[in-house]
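Nothing in this text is a laboratory measurement; each read-out follows from the coordinates by a stated rule. Owing to the predicted nature of the structure, the values given are computational and were not obtained by experimental measurement. Using ideal geometry, Cβ is built from the backbone for each residue, glycine included, and neighbour counts are taken over all protein chains shown.
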Amino acid sequence: MRAADISDDLTDVLATEEEILAKLDEVAAAVAADYEGKDLVLVGVLKGAIMVMADFSRALPTLVPMDWMAVSSYGAGTKSSGVVQIRKDLDTDLSGKHVLIVEDIIDSGLTLSWLLENFSSRGAASVEVFALFRKPDAAKVEVHCRYVGFDIPNDFVVGYGLDYDERYRNLRDVAVLAPHVYS
Ligand code: XMP
Ligand code: MG
């Protein structure tokens with residue numbers, strides 16, 4: 001479904017599916033060049049990163065292994081608690097691997113800074129981040145993010161894997177959730 005189908009729930013459309021897919025092609029070309037000849041593994045953060053992982057991994061020109069981690073710091077609200085809990089750990093041994101974390105969005109940065117520390121302690125050769133969206137004005141900790149899709153305003157957004165209370169993940173576009181939906 002598209003943003004126009006549920007326009008009452010949304011305000012601004014920040015990125016259409018077409019714009020997202022074009023961006024993923026750009027980032028995939030950069031990643032392919034940067035990691036040529038390296039033992040790369042993509043690690044997606046469930047559940048928000050499912051769509052970006054699906055489309056980004058297929059935009060790459062080579063086969064690449066992927067693994068998933070489930071963490072939570074949010075519950076049903078719209079603000080980070082800062083407390084990160086592992087709900088599903090990786091199946092892959094990261095030692096000696098070049099890890100690229102694939103994230104839907106960096107908000108406060110708390111989840112990612114925790115993940116970066118956690119992965120480095122597992123002996124990865126390198127750990128970098130690709131975040132499709134980033135909210136620069138929401139940062140509580142600085143996180144080095146090598147690849148960023150779009151910088152967006154500090155509003156709660158949904159679509160393309162991003163949810164509010166498990167809804168809106170299958171919206172193809174990414175849009176700002178209208179405040180009346182959650183207040
Ligand atoms: P932090 O604040 O730790 O947030 O950087 C990380 C995770 O929180 C979720 N998140 C959002 N989900 N709309 C959403 O649907 C948003 O605007 C939003 N901001 C943060 C997301 O899962 C992210 O990985
Ligand atoms: Mg997430």
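With the contact rule set at Cα under 8 Å and sequence spacing of 6 or more, what percent relative contact order holds for the stretch 103-183?
24
How far apart, in nm, are two points set 7 Å out from the Cα along the Cα-to-Cβ line at Asp91 and at Glu117?
2.9
In percent, how large is the relative contact order of the stretch 17-155, given Cα pairs closer than 8 Å and 6 or more residues apart?
Relative contact order for the stretch 17-155 comes out at 22 percent.
So, in Å, what gap is there between the alpha-carbon centers of the stretch 107-183 and the stretch 32-64?
Answer, in whole Å: 16.
HN-Hα J couplings of the stretch 141-152 from phi, Karplus 6.51/-1.76/1.60, θ = phi - 60°, integer Hz, Gly and Pro as x?
9, 6, 10, 6, 10, 5, 10, 10, x, 9, 8, 10
Counting helices only, and only those DSSP H runs with n ≥ 4, report the 222 nm mean residue ellipticity of the chain as the sum of -39,500 (n - 2.57) divided by its residues, in deg cm²/dmol to the nearest 500.
-7000 deg cm²/dmol
Counting other C-beta atoms within 10 Å, which of Val158, Val141, Val127 has the fewest, and how do the rest follow?
By the 10 Å Cβ count, ascending, the order reads Val141, Val127, Val158.
Could you give the size of the charge dipole of the chain about its Cα centre, using +1 on the Cβ of each K and R and -1 on the Cβ of each D and E, expressed in debye and rounded to the nearest 20?
460
Any idea what diffusion coefficient the stretch 17-155 gets from Stokes-Einstein, in µm²/s, Kirkwood Rh on alpha carbon pairs, 37 °C, 0.692 mPa s?
Stokes-Einstein gives a translational diffusion coefficient of 215 µm²/s.
Residue by residue through the stretch 54-69, which ³J(HN,Hα) values in whole Hz follow from phi under the Karplus form 6.51 cos²θ - 1.76 cosθ + 1.60 (θ = phi - 60°), with glycine and proline marked x?
With the stated coefficients, the stretch 54-69 comes to 4, 7, 5, 4, 7, 7, 6, x, 10, 5, 8, x, 10, 9, 10, 10 Hz.
Which ³J(HN,Hα) values, rounded to whole Hz and listed in residue order, are derived for the stretch 106-119 from phi using the Karplus coefficients 6.51, -1.76 and 1.60 in 6.51 cos²θ - 1.76 cosθ + 1.60 with θ = phi - 60°, glycine and proline given as x?
9, 9, 6, x, 5, 4, 5, 5, 5, 5, 4, 5, 4, 5
Taking the DSSP beta bridges in the stretch 17-155 as the whole, what percent of them are antiparallel, to the nearest 5?
Taking every DSSP beta bridge with both residues in the stretch 17-155, the antiparallel ones total about 10 percent.
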